[in-house]
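For reference, the structure discussed in these notes is given below.
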Amino acid sequence: MREHASIWQRTAEPAAREALPGDLEAEVAVIGAGLAGVLIADRLKRMGLCTVVLEAARIGSGQTGRTTAKITAQHGMIYDALIRNFGEAKAAQYARANAWAVQAYARMIRERGIDCGFRGASAYLYSTVDGAPLRREAEAARRLGLDADFVVGTELPFPVAGAARLSHQACFHPLKFLEAVSRELEIYESTRVLAVEGGALRTDRGTVRAGKVVFATHFPFINVPGWYFMRMHQERGYVLGLESAWLPEGMYLGTDADGLSFRTAEGLLLIGGGAHRTGENSAGGWYDGLCARAKELLNDFREAVRWSAQDCVTLDGVPYIGRFSASTPDWYVATGFGKWGMTGAMVAAEVIAGLIAGEPPEWAEVFSPERFHLAASARNLATEAAQSVKGLTRGALLPPGAPAEDLPIGHGGVVEAQGRKRGVCRDADGSRCAVRPRCPHMGCQLEWNPDEQSWDCPCHGSRFDRDGRCIDNPAQSDLD
């Protein structure tokens with residue numbers, strides 16, 4: 001079963017490209033043809049550098065096609081925390097970088113005449129419980145130079161305790177934008193990079209040799225150096241597209257534990273929520289829960305589309321953009337955008353192109369992958385380590401699964417088959433398919449995700465379809 005297609009995937013599809021025809025050389029090789037990889041390659045090409053992009057599947061087939069596509073410097077409750085954990089100077093760098101990114105999209109779309117549904121909109125953080133934290137957040141954002149204020153009245157169809165508003169933000173159709181920007185780039189699809197040694201990228205289609213290498217693969221698949229698998233985790237979130245529903249002018253994100261996201265797109269109300277760590281959804285029901293919340297808050301509507309997305313979250317909440325590691329000076333990385341990949345991708349293009357040219361922007365420092373802020377990161381580092389140990393030892397600590405015959409029709413799980421643990425799912429006709437339920441990335445035991453009919457890794461977020469085909473990295477191979 002294919003994952004639910006997003007509204008963007010249903011209304012646009014970038015033109016197909018050929019696979020890598022064999023060995024070649026380039027000045028820069030970019031791994032990943034999502035929004036970050038394409039924007040980085042576009043920036044490098046305009047600098048005059050011979051740049052190739054290698055994509056394992058299709059252009060924009062990863063998280064770019066599954067985002068809610070808000071172009072905003074308002075990234076949840078971040079600015080008050082950044083001032084406390086990073087200091088005001090670094091917090092201001094983050095604010096300036098993302099405010100620049102919003103304007104960079106507007107300028108690029110205007111100058112190139114890109115038809116992608118781009119429109120300006122204010123972004124709001126809201127709470128139905130307590131407005132005081134939002135007032136502090138608005139004040140912090142304003143201190144850092146953003147056009148922010150605290151308001152009580154909004155267009156939401158329910159009362160709020162308060163909202164932090166950031167004016168002059170935007171939204172768009174990400175795949176239409178990606179299609180336009182990618183047209184003039186040298187991109188090879190269906191070309192999975194299997195290993196990188198220095199400037200040699202070994203793929204399943206040939207070897208590419210490049211002076212510089214950029215990892216824009218959502219989650220880096222190289223474990224050492226960098227150790228990104230210890231410094232990030234992945235989360236899933238869910239979206240419904242509703243017809244005949246209230247359509248807001250602004251973009252909204254709830255900050256309460258059960259807060260929801262709202263924006264208008266393609267004539268639909270997009271309502272999002274229900275985030276959980278990847279690989280921890282054995283019970284399922286997130287779509288049904290989101291629909292129930294919509295019925296509580298809205299009048300009549302009809303569900304037109306549903307989909308889910310996956311986000312990389314860093315230890316301190318700030319993306320890793322810059323040199324991959326101290327020992328690999330010609331490797332670069334862009335990852336850990338959280339739920340804010342639109343501005344993150346544009347920032348990544350400016351930072352990485354600047355580093356390669358020897359002239360990085362003044363705000364590049366805050367995104368350095370080599371940073372470690374004890375106050376913001378120590379607790380989360382311990383959590384990530386414990387989660388990996390839990391996933392690696394799960395098979396040894398749990399008793400053997402139930403017999404495969406006990407699985408309900410249409411469901412999957414880790415069961416006992418021929419005296420061994422197997423990941424088994426049962427189709428509507430009663431037939432079964434089985435996989436080895438160990439992630440090929442680092443061996444963690446996989447969990448069945450009933451909402452997306454997939455096998456998900458609770459350690460580092462790799463995902464596989466019901467037949468074991470890899471659909472999300474850092475894993476690079478299918479299941480047995």
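The values are calculated or read from the model by the stated rules, or taken from the named source; none is laboratory data. Please read all numbers here as calculations on a predicted model, not as lab measurements. Positions of Cβ are generated from backbone atoms using ideal geometry, with glycine treated the same way; all protein chains shown enter the neighbour counts. Side chains included, ligands, DNA and RNA excluded: accessible areas come from the protein's heavy atoms. Shrake-Rupley method; radii C 1.70, N 1.55, O 1.52, S 1.80 Å.
For the chain, with only Lys/Arg (+1) and Asp/Glu (-1) charged at the beta-carbon, what is the dipole magnitude about the Cα centre, in debye rounded to 20?
On the way: 52 positive and 58 negative charges, 94 e Å.
For the chain, the charge dipole is close to 460 debye.
For segment 417-469, which trypsin sites (Lys or Arg not before Pro) are in a loop by DSSP, counting at most 15 other Cβ atoms within 10 Å?
ARG469
Quick one: pull the percent of accessible area on segment 274-317 belonging to carbon and sulfur, 1.4 Å probe, ligands and nucleic acids left out. Walk me through the numbers before you get to the answer.
On the way: 870 of 1950 Å².
Roughly 45 percent of what the probe reaches on segment 274-317 is carbon or sulfur.
Using a 4.7 Å Cβ cut-off, which Cys residues in the chain lack a partner cysteine?
CYS50, CYS116, CYS171, CYS291, CYS312, CYS425, CYS433, CYS470
Excluding residues fewer than 8 places away in the same chain, name every one of the lysines whose C-alpha is closer than 25 Å to that of LYS70.
LYS90, LYS176, LYS295, LYS339
Could you let me know the centre-to-centre spacing of segment 127-200 and segment 313-330, using Cα atoms, in angstrom?
20
If you average 1/r over all unlike Cα pairs in segment 24-69 and invert the result, what Kirkwood radius do you get in angstrom?
This gives a value of 11.0 Å.
Given labels modelled 7 Å from the Cα in the Cβ direction, how far is it in nm from ASP478 to HIS168?
5.1
Rank by packing, highest mean first: peptides 181-187, 335-341, with packing defined as the count of other Cβ atoms within 10 Å averaged across residues.
Result, highest mean Cβ count within 10 Å first: 335-341, 181-187.
To the nearest 500 deg cm²/dmol, what mean residue ellipticity at 222 nm is calculated for the chain from DSSP H runs of n ≥ 4 alone, each contributing -39,500 (n - 2.57), summed and divided by the residues?
Numbers: 9 runs with 124 residues, N = 480.
For the chain, the value works out to -8500 deg cm²/dmol.
How much net charge surrounds ALA29 when only other residues with a Cβ under 14 Å from its Cβ are counted (Lys, Arg +1; Asp, Glu -1)?
Numbers: positive: LYS45, ARG192, ARG202, ARG205, ARG209, LYS212; negative: ASP23, GLU25, GLU27, GLU55, GLU186, GLU197, ASP330.
Result for the local shell: -1.
Would you work out which of GLN74, HIS411, PRO225 lies farthest towards the positive end of the dipole of the chain, given +1 charges on the beta-carbon of Lys and Arg and -1 on that of Asp and Glu, about the Cα centre?
Farthest along the dipole direction, towards plus: PRO225.
So which GluC sites (Glu not before Pro) in segment 78-174 are both in a DSSP loop and have at most 14 other Cβ atoms within 10 Å of their Cβ? Can you show the working numbers first?
On the way: sites: GLU88, GLU111, GLU137, GLU139, GLU155; in loops: GLU155.
When the GluC sites (Glu not before Pro) of segment 78-174 are filtered for loop state and at most 14 Cβ neighbours within 10 Å, GLU155 remain.
Can you send over the carbon and sulfur percentage of the accessible area for segment 1-123, probe radius 1.4 Å, protein chains only?
Roughly 48 percent of what the probe reaches on segment 1-123 is carbon or sulfur.
Rounded to whole Å and sorted largest first, list the principal axis extents of the Cα atoms in segment 59-177.
Result, largest extent first: 41, 38, 26 Å.
Please list the helices of the chain that count as membrane-span-like by this rule: a mean Kyte-Doolittle hydropathy of at least 0.5 together with Cα atoms stretching 30 Å or more along the helix axis, each helix being a complete DSSP H run.
On the way: long enough: 88-112 (36 Å, -0.64); 374-397 (34 Å, 0.20).
What comes out of the filter, once short or polar helices are dropped, is none.
Relative contact order for the chain: what is it in percent, counting Cα pairs under 8 Å that are at least 6 residues apart?
So the answer I get is 18 percent.
Which value, in Å², gives the accessible area per residue of the chain when a 1.4 Å probe is used on the protein heavy atoms?
The answer is 40 Å² per residue.
Say the dipole of the chain comes from +1 at the beta carbon of Lys and Arg and -1 at that of Asp and Glu; which of GLY354, ALA434, PHE372 then lies farthest toward its positive end?
Going by the charge dipole, the pick is PHE372.
Students sometimes get this wrong: rank VAL224, VAL366, VAL160 by accessible area, probe 1.4 Å, all chains present, largest first.
So the residues, ranked largest to smallest area, are VAL224, VAL160, VAL366.
Calculate log10 I(q)/I(0) of the chain for q = 0.07, 0.08, 0.13 Å⁻¹, where I(q) comes from the Debye formula with a single equal point scatterer on each Cα and nothing for solvent.
These q points yield log10 I(q)/I(0) values of -0.36, -0.47, -1.30.
Lys and Arg at +1, Asp and Glu at -1: add these up for the other residues within a Cβ distance under 15 Å of GLU266 and post the number.
For residues surrounding GLU266, the net value is +4.
Report the calculated FRET efficiency for CYS50 and ASP149 (r = Cβ-Cβ distance, R0 = 45 Å), to the nearest 0.05.
0.45
What would the Debye formula give as log10 I(q)/I(0) at q = 0.17, 0.18 Å⁻¹ for the alpha-carbon point model of segment 205-285, no solvent?
With no solvent term, the Cα-only Debye profile gives -0.87, -0.91.
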